[in-house]
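Comments concern the structure below.
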Amino acid sequence: MVQFSGKSVYKGIVLGTVAVFKDREEPVRRKRIEDAAAEILRIEEAGLEAKAQLKALHDEALSAVGEVNAAVFEAYQIMVEDEDYRKSIYNMIRTEMVNGEYAVAVTGDNFSRMFSAMDDDYMKARAADVRDVSNRLIRILEGREETSRFLEEPAVIVAEDLTPGEIVKLDRKKILAFVTVEGSSSSHAAILARMMNIPAVVGVPVNLEEIHDGMKAVVDGFQGTVIFNPDEETCIQAERKIAEELERRRLLENLKGKETITLDGKKIRLCANIGSASDVGYAMENDAEGIGLFRSEFLYLGRKDFPTEEEQFQAYRQVVQTMGGKKVVIRTLDMGADKQADYFNLEKEENPALGLRGIRICLRRHDIFKTQLRAIFRATIYGNISVMYPMIISVEEVQEIFKIVREVQEELDRAKVPYQYPEQGIMIETPAAALISDELAKMVDFFSIGTNDLTQYTLAIDRQNQGLDDFYNPYHKAVLRMIRMTVENAHKHGKWVGICGELGADTALTEKFVQMGMDEFSVAPSMVLRLRKKIRESTWNHIRQ
């Protein structure tokens, strides 16, 4: 029996047999060529074939993991056409007169190392994406078919790394868990595992030569551990934990259709966070009472140009119609920082988390902002929409937002386009906004507290820098005091307040937030029923702390 530790991607526990996925590809050989132009033409033709394959993978992923998560394959299509990437390949072919396969391999390695050396964990995870795209191009150039993995029986998959394409092509019913040597919790493969509810642990320092098919393994996503060849006692303990987890899930299912209400009668609205229209199904499946955060920026990611007003309108309308009158809170686009799209033409910043992001982009680019607002306002006649604005730091910003909102109303009125004026709210995710929340509460209809950024800015710690995990404390008194202050100031002016950041799903804090007076919780769809259980076990008016 041998145990390894890694980073948990999805919390769950399984006991099963291992299937080892090893890289079967031969090293790429360097060959001298005579005609650089002909070789570059080969690359261009391979790029077209790669885009066609990625389009097919995108369509396959739509039904399996939803629009937002399938967008990774659209991003890969854009990467195939990336100007810097292609220029590097073409330059190497022209100057060194080498074959396209070799030029792609070297360029892929160079770009991958560049991403891996970055401090930002999100950008580090893009190294795997570059490798995936490069390997696809090389396979096409060499005339090899893409390897299709086949599982005869349900198994724990152990690999050096896994690409999104490999995951999507596997039979979901036969995947017990993922264990990878490489990878990060921010990788696209990890994101897909979470969406598919598959226990996964990445960054496990195991030698694949010592692991073979048929071995038993316990994968504990709660602890972030993997045990190969577990002894009898460990297997018994794992089976007990698995049974307990299944029973917890069964009991949670019994909470569907029940009120989210405290022991002493306080009704709480329990909503879901989504990123696209296709995610609404997950929210409804878990009995969410509305959408507390529609991350509209995902409509802008994985594209070559801005979504049109009509495209956005159709997405918003689909969500509100599907929710059938339940409240849908749409956050205006929160681009910048770790969410980038080349066509925005944002300048590179030394510290993007403190740079041009969120509402700052909208207040600089009125054309982008107005297009989105018109689409949202048009969708209001189809359901119950609220709109909120991210990264607010001042009263003046809110005043400028409302000036633009009035201009949009006037445009719609002149064009005789029907709409209803939606509820207007703001995100409280900066210390500045929390500290002046008494003034801001007079101007808006509601607050939504984004605890991820509020914690980051309060503690002056980059939340994506895993090297600072020992210092990052979301339970810090300063963070909790700002949340309490925000709730009190909202209620003083008769406004409701919700929480939509990660802390909202932390059941260790649920009762504290309830006792602060939180009116709404908005969490990942998979957490809705767990939070309902916790709220129904909590008291509101007892020992208000």
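Here is how the numbers come out for the structure above:
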| item | result |
| --- | --- |
| Residue pairs, from the table LYS51/LYS173; LYS22/LYS51; LYS11/LYS477; LYS7/LYS533; LYS267/LYS492, whose Cα atoms sit over 22 Å apart | LYS51/LYS173; LYS22/LYS51; LYS11/LYS477; LYS7/LYS533 |
| Point-to-point label distance, ALA460-GLN420, nm (Cα→Cβ direction, 7 Å offset) | 4.7 nm |
| For segment 366-525, the Rg and Dmax computed from alpha carbons only, in angstrom | 17.1, 57 |
| In order through segment 27-38: 3J(HN,Hα) via Karplus (6.51 cos²θ - 1.76 cosθ + 1.60), integer Hz, x for Gly, Pro | x, 7, 8, 8, 10, 7, 10, 10, 10, 5, 4, 5 |
| Shape of segment 433-545, Cα gyration tensor, a/c cut at 1.5 | oblate |
| Simple spin-label estimate for ALA38 and THR234 in nanometres, 7 Å along Cα-Cβ | 5.7 nm |
| Kirkwood-based shape ratio for segment 359-405, expressed as Rg/Rh from alpha carbons | 0.98 |
| Of LEU509, VAL395, GLY425, farthest towards positive along the dipole that unit charges on Lys, Arg, Asp, Glu beta carbons give segment 386-545 | LEU509 |
| Shape of segment 218-290, Cα gyration tensor, a/c cut at 1.5 | prolate |
| Heavy atoms of PHE21: accessible area, 1.4 Å probe, square angstrom to 10 | 20 Å² |
| Solvent exposure of the chain as accessible area per residue, Å², 1.4 Å probe | 46 Å² |
| Between segment 274-323 and segment 87-114, the Cα center-to-center distance that results, in Å | 39 Å |
| Nearest-20 debye value, segment 420-543 charge dipole, Cβ charges on Lys, Arg, Asp, Glu | 420 debye |
| Two-site FRET efficiency, LYS267 against ALA508, from Cβ-Cβ distance with R₀ of 25 Å, rounded to 0.05 | 0.65 |
| Charge dipole (debye, nearest 20) of the chain; +1 at Cβ of Lys and Arg, -1 at Cβ of Asp and Glu | 1760 debye |
| Relative pair counts by distance (%), Cα atoms of the chain, 10 Å bins | 3, 16, 25, 26, 18, 8, 2, 0, 0 |
| For ASP264, solvent-accessible area (1.4 Å; no DNA, RNA or ligand), Å² | 70 Å² |
| Rounded tilt (10° steps) of 309-323 against the dominant C-alpha axis of the chain | 70 degrees |
| Accessible-area value, THR234, 1.4 Å probe, nucleic acids and ligands omitted, Å² | 20 Å² |
| Additional length obtainable on full extension of the chain from GLU439 to PHE4, 0.36 nm per residue less Cα span | 151.4 nm |
| Order of exposure, largest accessible area first, which applies to ARG144, ARG30, ARG364 with probe 1.4 Å | ARG364, ARG30, ARG144 |
| Relative intensity, log₁₀ I(q)/I(0), of segment 1-59 from a Debye sum that treats every alpha carbon as a point, q = 0.27 Å⁻¹ | -1.17 |
| Cα-Cα P(r), segment 195-344, percent of pairs per 10 Å interval | 9, 24, 23, 23, 18, 3, 0 |
| Förster-model FRET efficiency, 22 Å R0, GLU347 and GLU81, C-beta, rounded to 0.05 | 0.50 |
| Straight-distance crosslink candidates among aspartates and glutamates, where the alpha carbon sits under 13 Å from LYS495 and sequence neighbours closer than 8 are dropped | GLU423, ASP438, GLU439, ASP445, ASP519, GLU520 |
| Residues ASP413 and TYR475, FRET efficiency given R0 of 41 Å [Cβ-Cβ distance, rounded to 0.05] | 0.25 |
| Full-stretch length increase - ARG303, MET97 - with 0.36 nm per residue and alpha-carbon distance subtracted | 70.8 nm |
| Extended-chain gain in nm, criterion 0.36 nm per residue less alpha-carbon gap, LEU246 and LYS258 | 2.3 nm |
| Student exercise, segment 370-410 dipole from Lys, Arg, Asp, Glu Cβ charges, in Debye to nearest 20 | 240 debye |
| Hydrodynamic radius (Kirkwood) for segment 348-431, which is based on Cα pairs only, to one decimal in Å | 13.9 Å |
| For the chain: relative contact order, % (alpha-carbon pairs under 8 angstrom, 6 or more apart) | 15 percent |
| Fraction of accessible area attributable to carbon and sulfur, segment 392-508 (%, probe 1.4 Å) | 50 percent |
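The values are calculated or read from the model by the stated rules, or taken from the named source; none is laboratory data. Just so you know, these numbers come straight off a predicted model, no measurement behind them. Neighbour counts are summed over all protein chains in view; Cβ atoms, including those assigned to glycine, are modelled from backbone coordinates with ideal geometry. In case anyone asks, the SASA skips ligands and DNA or RNA and just uses the protein heavy atoms, side chains included. Shrake-Rupley method; radii C 1.70, N 1.55, O 1.52, S 1.80 Å.
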